[in-house]
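Let me begin by presenting the structure, written as structure tokens, before commenting on it.
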Amino acid sequence: MSEALLEVSHLKKYFPVTEGLLNRTVGHVKAVDDISLTLQPGETFGLVGESGSGKSTVGRTILRLTEKTAGEVKFKGVDIHSLSPAELRLLRPRMQLIFQDPYSALNPRVRVGDAIGEALLDHGLCTKHEVRELVLESLAACGLSSYHIDRFPHEFSGGQRQRIGIARALILNPDLIIADEPVSALDVSIQAQIINLFSKLQQSKGLAYLFISHDLSVVEHLCSRIGVMYLGSMVETAARDELFHNPLHPYTKALLSAVPVPVPRLKRERIVLKGDIPSPANPPSGCKFHTRCPFAVEVCKAENPVFRDAGGGHFIACHLA
Amino acid sequence: MTVDSRLAGLREPQVQRQKSSLFRQSLKRLMKNKLAVAGFGVVVFMFALCFIGPFFSPYADNKINMAMMNKAPSLQHLLGTDALGRDILTRVMQAGRISLTVGLASMVLSVFIGALLGAVAGYYRGIADQIIMRIADLLMTIPGLPLLFIFGALLSEWKVPTDYRMYIVMLMLSIVNWPGLARMVRGQMLSLREREFMQAAVVLGLRDSRKLFHHLLPNVVPLLIVMATLNIGGAILSESVLSFFGLGVMPPTPTWGNMIDAANNMIDFQDHPWLWIPPGLSIFATVIAINIFGDGLRDVLDPKQKR
């Protein structure tokens, strides 16, 4: 096997909870608690989970937009969190982020062409004469027209803005794109266009994606491996078909049973989870999922299950499976 | 005539695609605000009057004419003459030069200081922020006018030559005005730096200078323009107040403030209203017009109105 593009091992991100005048730390929100994943070049890894499960924080901590608490993030064998700011800046073009909200991810006072091309200039990757040509190329690749180049972000629709965000990431020719719920702010028809754009670009450029989403059908369409997160921890990781046809963790089963199917009469066994996701500041003991798990037994309350290989690259953290 | 020959002269219409510009869009919206346009008109008129007008005046600057003391307005002297027989209209125009220059220059200076320090404080946080903002707080806790009075009294005590006083008054006004601007810019910076597009700038690996000058400052510029405009009005007013109390620019250099001060006794006030009404009206009209224009600008440029 070739060297992994991205290797995240035992990544933890705790946000301190402070109280009172002196900002005493009274606890920690364990937003990301011991996450490990590997991404091969050209692969798409899907990260799913409900809101508040820490998916976005994983993406941001990998890119060092927030500092980690513990663990290791290796990009092409380089530990990102040990780099100096100057070294990190040089590595930035190799890994890009696409934001969830296309409305706030673009500076309202910067022309689209400048927004897309400025990183190239800033990193000295092309000359001032070449930049316009490259921006036009990137716009075209993302399905935008050449006359869009001198416009301002407020002159575009949400879907177009997301394309601009993609063009901005793409022009740097990155190896890895972390897409943080890139389609959840868009309506369904636009979602399809953007997702098709993602897979088209992957085929033509050999990109690797870390695709963060709460929409299982989107992830199924795009990803080769999928990780399911619950309350900051990974509960199950498997290849796409394995996960969708043979889910082992009760949480994954519950999620899959909630995916709408376009067959109205089909009788399905629906696993309905009770209650809300518990607070990550005060997670339940033992298996974090036991409070809502329909199959929970005594051992689940006492012991945290180990994240283990259930055979054939199918990892799971559950006492029962 | 065949169809072909008629079409021969036709050319595809050349559509001029205008580069969309935020400036042009704002200008368009500003033009819809009639009051603001009128305010701008008055400001332009005052500037033209003060800077071009004196060239057409037959009365030389400060020329004393004892035969024409305290004369009421007439065809010869449209706004009358003062106690030394100087033409009031000419003096009002010349005083306007000083007052407007002081207002403009002190605005430029305080905007420059305020924007720079505010941006540094807001962007870099930490120690720099603490030092800059504590100094600003200190200056803001002292009421502006008494502070100016103290400065003015010091200048008189130190016998600063009258020629230099104008420049020192500009400096004084800037020192009093920059903390408010710095605070405003810092606040904007603090909120802007947390916006998602700044995170995007981090991910793209942009340099600090580009983040500061290409991403953050352009977002503060509309606010700065509005603040700067309103600031001119305030500065003109403060300068007039100082000069009125004899603590600003000194005679014989005329300013609107010290012209009113010259009529600061009951005889002149009652019997020679042409001494103080023209400079008073000039201050009033200029400051009101600037403020109306500034308000119009704010309506157009306020970033909160737009996404």
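The values are calculated or read from the model by the stated rules, or taken from the named source; none is laboratory data. This is a predicted model, so every value here is computed, not measured. Positions of Cβ are generated from backbone atoms using ideal geometry, with glycine treated the same way; all protein chains shown enter the neighbour counts. Heavy atoms of the whole protein, side chains included, go into the accessibility calculation; ligands, DNA and RNA do not. Shrake-Rupley method; radii C 1.70, N 1.55, O 1.52, S 1.80 Å.
Quick notes on this one:
- Surface listing: A:L320, A:L197 arranged by accessible area from highest to lowest gives A:L320, A:L197, probe 1.4 Å.
- Gaussian network model of chain B, springs between alpha carbon atoms under 10 Å - residue of B:I232, B:I175, B:I150 with greatest fluctuation: B:I150
- Farthest towards the positive end of the charge dipole of segment B:179-225, among the residues B:H215, B:V203, B:I225, is the Cα of B:I225, using unit charges on the Cβ of Lys, Arg, Asp and Glu.
- Heavy-atom accessible area ranking, 1.4 Å probe, most first, across A:D79, B:D271: B:D271, A:D79
- Cβ-Cβ FRET estimate between A:S189 and A:T38, R0 fixed at 35 Å, reported to 0.05: 0.55
- Percent RCO, i.e. relative contact order, over segment A:240-320, from Cα pairs under 8 Å lying at least 6 residues apart: 24 percent
- Amide H contacts under 5 Å for A:V29, placed H, 5+ residues apart: A:F15, A:V17
- Each residue was assigned an accessible area with a 1.4 Å probe, and for A:F307 the value is about 70 Å².
- Positive-end ranking of A:V131, A:P182, A:G143 along the dipole of segment A:113-254, with charges on Cβ about the Cα centre, is headed by A:G143.
- When each of A:K55/B:K211; A:K200/A:K288; B:K34/B:K71; B:K63/B:K159; A:K68/A:K288; A:K12/A:K267 is checked by Cα-Cα distance, pairs over 32 Å: A:K200/A:K288; B:K34/B:K71; A:K12/A:K267
- Straight Cα distances below 19 angstrom link A:K205 to the lysines A:K76, with same-chain residues fewer than 8 positions distant left out.
- Absence of a disulfide-compatible partner, taken as no other cysteine beta carbon within less than 4.7 angstrom, is noted in the protein assembly as shown for A:C126, A:C142, A:C223, A:C293, A:C318, B:C50.
- A:N196 versus A:D276: modelled label distance in nm, points set 7 Å from Cα along the beta carbon direction: 3.9 nm
- Calculated FRET efficiency for the pair A:T66/A:E133, C-beta based, R₀ 41 Å, to 0.05: 0.70
- At R0 = 51 Å, FRET efficiency that the Cβ-Cβ distance of A:R308 and A:S146 yields, to 0.05: 0.45
- For chain B, the longest principal axis of the Cα atoms and the long axis of helix B:34-52 meet at an angle of about 50 degrees.
- Pairs of Cα atoms nearer than 8 Å and 6+ residues apart set the relative contact order; for chain B it is 26 percent.
- Mean-square fluctuations from a GNM of chain B, with a 10 angstrom spring cutoff on Cα atoms, peak among B:R134, B:R183, B:R97 at B:R134.
- Contour minus Cα-Cα distance for B:Y167 and B:S74 (0.36 nm per residue): 29.9 nm
- Cα→Cβ-extended label distance, 7 Å offset, between B:D271 and A:V259, nm: 10.0 nm
- Of the residues B:A128, A:P278, A:A70, the one whose Cα sits farthest toward the positive end of the charge dipole of the protein assembly as shown, with +1 on the Cβ of Lys and Arg and -1 on the Cβ of Asp and Glu, is A:P278.
- Debye intensity ratio in log₁₀ form over the Cα atoms of chain B, taken at each q of 0.07, 0.15 Å⁻¹: -0.39, -1.19
- For a paramagnetic label modelled on B:Y124 (point 7 Å from Cα along Cα→Cβ), amide N atoms under 18 Å away belong, within segment A:54-94, to A:85-86.
- Each chain gives up part of its surface: B and A jointly bury about 2800 Å² of accessible area, both sides summed, for a 1.4 Å probe.
- Along principal axes, Cα extents of the protein assembly as shown, largest first, whole Å: 114, 92, 48
- Short-range pairs are left out: with C-alpha atoms under 8 Å and at least six residues apart, the relative contact order of chain A is 20 percent.
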